[in-house]
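Here the structure comes first, spelled out in structure tokens, and everything after it is commentary.
Read-outs: derived from the displayed coordinates by stated rules, not from any lab. Every value quoted in this text rests on a predicted model; they were computed, and no experiment measured them. When we count neighbours, we look across all protein chains shown, and the Cβ atoms used for this are built from the backbone with ideal geometry, even at glycine.
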């Protein structure tokens, strides 16, 4: 059995991630400036057809803490990009399950018509498959639409341990349909099973070969392996000195080049610093893209686990 399942994590030190400016030991906390808004994400809403065991955003069939965005919400932000000449290259759609939003096809079409690369994250199950005819039209009409399918492991047992029973075959069916349509697809897996990266990539490679799907498991942009995120697990805080120690730059971190639009329940839309932190007020950067260009303090365990130490990014 994988070691990660047997070994209990060390709990997070309660003194950490308290002060936005300094760490628990008094060091100056690292921050990240927005270098360029390369990717703008839209969280279409937290409603999802699944309730996964460890969903960082707590999506479920009943969680509407983030309400559905509307086509008008998307249009207004795309208009801001054009008005202020922000140079944004990519529009991303995430959830929840984006294909549960009743206006998702219109949102995708508008973004494509405006000339953006479009990346949509999906579990490829029934909500997506209900839109097959519309998606077929978009795939044929545009070269700039990309799909990233969540497949937590290359084996059914571990995938369904996270996603629930009877989730494997519908996802495989949707993935194969996208492949048959010659869509540009990638797969998102997880590194939480006690396996090394090489072993994991080989396992996905065997699966892709078996399914006759042309995804290169050695390409980190085609098979994206995300580090595990747990707010209860102890993790170092990132100080300014860490950049030199780790040989990394603030420009490597996701919040240097992206923002996300959300609609918290009962509120107007707002712009947040990170796709992973839609609820925390400390990461709320106002209601407009022009107000969201300030530096972001790395004051959350996810900043270390996912972005700096994990080296991951949600963008393509």
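Over the chain, what is the percentage of antiparallel beta bridges among all DSSP beta bridges, to the nearest 5?
Expressed as a percentage, antiparallel bridges in the chain total about 30.
Tell me whether region 111-204 comes out rounded, prolate or oblate; compute the Cα gyration tensor, take square roots of the eigenvalues as a ≥ b ≥ c, and use a/c under 1.5 as the rounded threshold.
It is prolate, given that a/c is not under 1.5 and a/b is the larger ratio.
For region 223-316, what is the largest minus smallest coordinate of the Cα atoms on each principal axis, given in angstrom and ordered from greatest to least?
41, 27, 25
Along Cα→Cβ, 7 Å out, is where each label goes; now give me the distance between the ones at residue 166 and residue 133 in nm to one decimal.
Result for the modelled spin labels: 2.7 nm.
Kirkwood hydrodynamic radius, computed over distinct alpha-carbon pairs, for region 47-148: how many Å, to one decimal?
Value: 14.4 Å, from the Cα pair sum.
Based on DSSP H runs of at least 4 residues, each adding -39500 (n - 2.57), what is the mean residue ellipticity at 222 nm of the chain after dividing by all its residues, to the nearest 500 deg cm²/dmol?
Estimated from H runs of four or more residues: -7500 deg cm²/dmol.
Which FRET efficiency, nearest 0.05, do residue 24 and residue 265 yield, Cβ-Cβ r, R0 30 Å?
Efficiency for this residue pair is about 0.35.
Which whole-number percent is the relative contact order of region 46-163 (Cα, under 8 Å, 6+ apart)?
Across region 46-163, relative contact order equals 25 percent.
To the nearest 0.05, how large is the calculated FRET efficiency for residue 202 and residue 316 if R₀ is 35 Å and r is the Cβ-Cβ distance?
Once rounded, the FRET efficiency stands at 0.90.
For Cα pairs less than 8 Å apart in space and 6+ apart in sequence, what is the mean separation divided by the residue count of the chain, i.e. the relative contact order in percent?
The value is 25 percent.
Starting from the Cα gyration tensor of region 157-267, take the square roots of the eigenvalues, sort them a ≥ b ≥ c, and report rounded, prolate or oblate (rounded when a/c is under 1.5, otherwise prolate if a/b is larger than b/c, else oblate).
Prolate shape, in that a/c is at least 1.5 and a/b is the bigger ratio.
Could you tell me which of rounded, prolate or oblate describes region 149-214, using a ≥ b ≥ c as the square roots of the eigenvalues of the alpha-carbon gyration tensor, with rounded for a/c under 1.5 and, failing that, prolate when a/b is larger than b/c and oblate otherwise?
oblate
Compute the FRET efficiency between residue 33 and residue 228 as 1/(1 + (r/R0)^6), taking r as their Cβ-Cβ distance and R0 = 35 Å, and round to the nearest 0.05.
That gives a FRET efficiency of 0.80.
If you take every DSSP beta bridge whose two residues both sit in region 1-151, what share of them, in percent to the nearest 5, is antiparallel?
Rounded to the nearest five, the antiparallel share is 5 percent.
What is the spin-label model distance, in nm, from residue 84 to residue 218 if the labels are put 7 Å beyond Cα along the C-beta direction?
In this crude spin-label approximation the distance works out to 4.3 nm.
In nanometres, what is the gap between the two model label sites at residue 103 and residue 290, each 7 Å from Cα along Cα-to-Cβ?
2.3
For residue 177 and residue 58 in one chain, what is 0.36 nm times their gap in residues minus the Cα-Cα distance, to one decimal in nm?
Fully extending the segment from residue 177 to residue 58 adds 40.1 nm.
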